[in-house]
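The structure appears below as structure tokens.
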Amino acid sequence: MGALEGKVAAITGASSGIGEATALALAAEGAAVALAARRQDRIADLAGRVEDGGGRALAVTTDVSDEEQANAFVARAGDELGGLDILVNNAGVMLLGPVAGAATEQWRRMVDVNLLGLLYSTHAALPIMGAAGSGDIVNVASVAGRTASFGSGVYNLTKWGVVGFSEALRQECARAGVRVTAIEPGWVDTELQGHNEHPTVVAGMEKAMRHIDKVLEPGDIARAITYAVTQPPHVSVNEILIRPTTQVR
């Protein structure tokens, strides 16, 4: 039996990268997994792979920046899979560039997904976990929530917010038996970097890559998340900051 046998996990941003890897890792430990993302074909395929491996999965097409959709996803996870033990707030976007002359719609998109989407899903999950007297909320932040750099100011703002919110929520939920973990990855090989087209940003990424021997894989972060949520009930892993070995900042 896996360490999460009988547990239910809801994962946002599950269509690729860290979310996909986390769903597979938690399912491998026995958890039933609810999968949220906008790309229905991706999460349907992922649910099929989980089920082919003997697990249980529910795919729910969701834009977490829409409060009603985020609420519906969490409710369906609880109703159709039999409860909610773990929420992994992974959905996020990274649209970098200088503040001057920026397309402000990109700012709104980052705030809507990285902050409000996380808040909506958390808000919906807390009554379920509170009633059960236990649960894990894992918020995927970033090293960008600790270290600011040119061209990532608004992304820094959102990820700093995730880290701050996670600590405040941890204190709020401690007596309720609900644990809160902030996961802060460095450079991970996902689709995030490919969302950027600003020449200065692209050049900066290419330069940074030349100084990192090997970036992290999504599975590296999934193992960190699995570690946090499989600890004994009296152990709360509050933060995990994880970088590639040769990443300096």
Which whole-number percentage describes the relative contact order of region 8-233, with Cα contacts under 8 Å and a sequence gap of 6 or more? 21 percent
What percent antiparallel are the DSSP beta bridges of the chain, to the nearest 5? 0 percent
Answer in debye to the nearest 20: the dipole magnitude of the chain about its Cα centre, from +1 Lys/Arg and -1 Asp/Glu charges placed on Cβ, is 640 debye
Figure the gain on full extension for Asn238 and Thr104 (residue separation times 0.36 nm, minus the Cα-Cα span) and round it to one decimal in nm. 45.0 nm
Just grab the label-to-label distance for Ser149 and Arg38, each label 7 Å out from Cα along the Cβ direction, in nm (one decimal). 2.5 nm
Assign unit charges at the C-beta atoms only (+1 for Lys and Arg, -1 for Asp and Glu), then state the dipole size of region 6-126 relative to its Cα centre in Debye, rounded to the nearest 20. 200 debye
Once amide H atoms are placed 1.01 Å from N in the peptide plane, what residues at a sequence separation of 5 or more from Leu87, or on another chain, have their amide H within under 5 Å of its amide H? Ala10, Asp136, Ile137, Val138
For a footprinting-style exposure proxy, rank Leu115, Leu96, Leu46 by other Cβ within 10 Å, fewest first. Leu115, Leu46, Leu96
Taking neighbour counts of Cβ atoms within 10 Å as a proxy for exposure, in what order, fewest first, do Thr230, Thr181, Thr104, Thr22 appear? Thr104, Thr230, Thr181, Thr22
Taking the Cβ of Val50 as the center, what net charge do the other residues with Cβ under 15 Å away carry, scoring Lys and Arg +1 and Asp and Glu -1? -3
Assuming 0.36 nm per residue, please report the length gained on full extension of the stretch Asp189 to Arg249 beyond their Cα-Cα distance. 20.0 nm
For the chain, built as a Gaussian network whose Cα springs stay under 10 Å, the top-fluctuating residue of Phe165, Phe73, Phe150: Phe150
If the convex hull of the alpha-carbon atoms of the chain is projected onto planes in all directions, what is the mean projected area in square nanometres? 12.7 nm²
What residue among Ala32, Ala91, Ala176 shows peak mean-square fluctuation when the chain is described by a Gaussian network model with Cα springs under 10 Å? Ala176
At a Förster radius of 22 Å, what calculated FRET efficiency corresponds to the Cβ-Cβ distance of Ser134 and Arg223, to the nearest 0.05? 0.50
When the chain is modelled as a GNM with alpha-carbon springs shorter than 10 Å, which of Gly19, Gly133, Gly219 fluctuates the most? Gly133
Cβ density ranking, 10 Å radius, fewest first, applied to Ser142, Ser15 yields Ser15, Ser142
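Throughout, read-outs are computed from the coordinates displayed, never taken from laboratory work. All values derive from a computational prediction rather than experimental measurement. Cβ sites come from the backbone with ideal geometry, for glycine too, and all protein chains shown count toward neighbours.
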